[in-house]
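> The structure's right below; bear with me while I get my questions together.
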Amino acid sequence: MKHTFGILALVALVLTSLSAYAQEMNSLMFRAGVKSPELKNDSVTFRFMAPKARKVGVSASWLGYDASKLAMTQGPDGIWSVTIPQPEPELYTYTFQVDSVSMLDPSNVMVQRDGSRYMNAFLVPGSFADQYAECSKPGNVEHVWYYSAENDMTRRMYVYTPFGYDRNNKKVKYPVLYLLHGGGGDEDAWSTLGRTAQILDNLIASGQAEPMIVVMPNGNPNQYAAQTLGIPVKTNVREYASGFDNYSSLVADILPYIEKNYNVIKNRKGRAVAGLSMGGGQSFFIAFRNVDVFSNVGIFSSGLIGSSAIGGTPFDAESHFPGMYSNPAKYNKFDVIYLSCGEQDNRIDGMKDFKQKLDANGYKGVVWEQFPGGHEWKVWRRNLSSFVQLIFK
């Protein structure tokens, strides 16, 4: 009798497994039957299976995530679809709005996270977007845990090393770019949304940028790592002057770790710092407070410098660093001061004003660029590409 029960239990287990397998295969077959997005000739088609939905639209990055601008039509098979001309070459993100509920595209495995938002993505190749493609000579991106004495935390950062990097070859030394994310982001942002590894790989392979290491830390002082790891934030971190002047840990903790554990140039000529939005404000404080540590700084779409346009007090560099304008020789030591903003970003006037003041006070190496777009990644990816082609020459 015991053997009979054992055999029946085994049969039940096998049948359950087969049923689960069949369900999984049905799910896969269902997804395979709905192709989305489909890039064909000069068009792109989005499809979504929702037989009982009343209203479906595509919330697309190039349309300001306004789903009303890209409504879908339901066919007799229950599949909603819309076909539009392909937007210009770029990496785009989108979700579906299904009866006012945001949903991912189950047919598209390419998913990106921007803070707490998840979105599907697709790439329209060509022109600048070719820099986002995988390179035949890829570097590596390491997830590195390090100790930060500033707030007594073990924290995580991403470190890009270029193709051919050999930690055992101590004779070859690389310059380092410390690259900071924006508000709501974390150490994953530049790697995933910014396509940092792909951009660097392609520019280095083509000789347009010097081989370099790129360090992408978590710029939120209370986070051990990205919140996706489920680690609670630390509540008793030190108090800082502001949300921009809060990252002294980069020089105090991260820089020494990198210079101890990687083959890098250990002088200011081999160091640069740059960031977007919040990270741009952090880069301003880090660079100008440490002019003898860094030789290059990139400030992209800074909410600090463009603060008056977003409800803050007008930016006054002299008040932060006495002598910035009254004694420029104190700070005029950079090889490159790269400033940029999106043309539709309301921070642009403040950024331009800062650039003009630097020029008026004789600062060298000041570079200004503006790109079509707002406060968004398509602008910041271009910023990164331009900046790395200027530095460490």
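The values are calculated or read from the model by the stated rules, or taken from the named source; none is laboratory data. Note that the structure is a prediction, hence the values are computed from the model and not measured. Every residue, glycine among them, receives a Cβ derived from its backbone with ideal geometry; neighbour counts consider all protein chains shown.
> Out of all the residues in the stretch 121-158, which are in contact (Cβ under 8 Å) with a residue 60 or more places away in the chain and closer than 27 Å to SER102 by Cα?
Residues satisfying the conditions are PHE122, VAL124, TYR132.
> Could you give every pair whose Cβ atoms fall below 9 Å, whose first residue belongs to the stretch 159-177 and is modelled with pLDDT of 95 or more and surrounded by 21 or more Cβ atoms within 10 Å (Cβ to Cβ), and whose second residue is part of a loop (DSSP other than H, G, I, E, B) and of a type in the set (Lys, Arg), counting only separations of at least 6 or pairs across chains?
Within 9 Å, the pairs are THR161/ARG167; PRO162/LYS137.
> Among all residue pairs at least 6 apart or on different chains, which show Cβ distances below 6 Å where the first residue, located in the stretch 314-333, is in the same structural domain as LYS357 (by TED's automatic domain parsing) and part of a loop (DSSP other than H, G, I, E, B) and the second is surrounded by fewer than 17 Cβ atoms within 10 Å (Cβ to Cβ) and of a type in the set (Val, Ile, Thr)?
TYR331/VAL291; LYS333/VAL291
> Mind listing just one residue for me: the one in the stretch 146-158 that is more than 24 Å from GLN198 (Cβ to Cβ) and among the aromatic types (Phe, Trp, Tyr) and, of those, surrounded by the most Cβ atoms within 10 Å (Cβ to Cβ)?
So in the stretch 146-158, the residues more than 24 Å from GLN198 (Cβ to Cβ) come out as 146-155.
Within this subset, residues satisfying the condition of being among the aromatic types (Phe, Trp, Tyr) are 146-147.
Details: TYR146: 18, TYR147: 11.
Checking each candidate, the answer is TYR146.
> Quickly run through the stretch 283-313 and pick out the residues that are more than 30 Å from VAL172 (Cα to Cα), surrounded by 24 or more Cβ atoms within 10 Å (Cβ to Cβ) and either free of Cβ contacts under 8 Å to residues at least 12 places away in the same chain or of a type in the set (S, T, N, Q) (or both).
Of everything in the stretch 283-313, those that are more than 30 Å from VAL172 (Cα to Cα), surrounded by 24 or more Cβ atoms within 10 Å (Cβ to Cβ) and either free of Cβ contacts under 8 Å to residues at least 12 places away in the same chain or of a type in the set (S, T, N, Q) (or both) turn out to be SER301, SER302.
> Conditions first: (1) closer than 25 Å to TYR94 by Cα; (2) more than 25 Å from the chain's Cα centre (by Cα); (3) among the polar types (S, T, N, Q). ASN327 passes all but one, so which condition is the exception?
(1)
> Of all strands (runs of 3 or more DSSP E) completely enclosed by the stretch 112-198, which ones contain at least 3 residues that are of a type outside the set (A, V, I, L, M, F, W, C)? Don't jump to the end; show me each part of the working.
Numbers: elements: 117-124, 140-148, 153-161, 176-180.
Those strands (runs of 3 or more DSSP E) span 117-124, 140-148, 153-161.
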